[in-house]
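Structure first, commentary second.
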Amino acid sequence: MKEIPLAESFAYPVGKQETLTAAKDDKDEWYQALKFGEQDHLGEDWNKNSGGNTDCGEPVYAAANGEITFAADAGAGWGNVLIITHQLPDGTEVQTLYGHLQEMLKTRDEVQKGEQIGKVGSANGRYLCHLHFEIRDRSSRDWNRPGGGYSTDRTGWLAPSEFIGQRRKRDR
Ligand SMILES: [Zn+2]
């Protein structure tokens, strides 16, 4: 089996990814318009505080080291979707999913944390631009595929901000 680089730490996929926080009233430019679990949401919707479509085309970064294992236009509700598979230092695998991308800059191979992989989009005009961001573990029924984005059964989906908060790099 091919070795993928270990995901030693995680960061947010947009903005100043190492220092971002989730609140709307903080000093950074981004906030979560729809949180994990709200309205059965399986991810977090990241928008710029400036609203509307001001975030169209903004860079989307790999949240951690890993390998792109899914890249496709996943249909009307999704638009372009990238999934990165990450191996944690304890051997566990998780996946991060990046939805509604305006453009995918990379569709295969290894990626490093912080590498730009795409641009924030609107799922081909279906929504105001935002990033739909999910983190899953191996128990997810939608491992390595987009799935539904919303469900009352969140088994296998992790709360992204909580997960990242526990795994940020602390030495800078
Ligand atoms: Zn969403």
Open item on the list: I'd like the full set of residues that are closer than 20 Å to residue 95 by Cβ and near the ligand (Cβ under 10 Å from one of its atoms), limited to segment 36-63.
Closed with: 36, 41, 42, 43, 44, 45, 46
Task: Filter pass, residue 131 being within 16 Å of the ligand (Cβ to nearest atom), under 16 Å from residue 44 (Cβ atoms), without any contact (Cβ under 8 Å) to a residue 40 or more places away in the chain and part of a strand (DSSP E or B) - done: no
Open item on the list: What's the total number of residues in segment 134-152 that are at positive phi and either more than 16 Å from the ligand (Cβ to nearest atom) or aromatic (Phe, Trp, Tyr) (or both)?
Closed with: 1
Task: Scan of segment 53-64 for residues that are open to solvent by less than 40 Å² (accessible area, probe 1.4 Å) and closer than 23 Å to residue 161 by Cβ, ordered by number - done: 55, 59, 60, 62, 63, 64
TODO: Could you please tell me which pairs satisfy a Cβ distance under 7 Å, a separation of 6+ or placement on different chains, a first residue in segment 153-169 that is on the phi > 0 side of the Ramachandran plot, and a second residue that is modelled with pLDDT of 95 or more and part of a loop (DSSP other than H, G, I, E, B)?
DONE: 156/139; 156/140; 156/141
- [ ] Could you please let me know if residue 119 is closer than 14 Å to residue 101 by Cβ and not aromatic (Phe, Trp, Tyr)?
- [x] yes
TODO: Go through segment 147-164 and give me each residue that's open to solvent by less than 40 Å² (accessible area, probe 1.4 Å) and either assigned to a strand (DSSP E or B) or closer than 28 Å to residue 50 by Cβ (or both).
DONE: 149, 157, 159, 160, 161, 163, 164
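The values are calculated or read from the model by the stated rules, or taken from the named source; none is laboratory data. Because the structure is a prediction, the values reported are computed rather than measured. As a convention, Cβ positions derive from the backbone with ideal geometry for all residues, glycine included, and neighbour counts pool all protein chains shown. Just the protein is used for accessible areas: all its heavy atoms, side chains included, with ligands, DNA and RNA removed. Shrake-Rupley method; radii C 1.70, N 1.55, O 1.52, S 1.80 Å.
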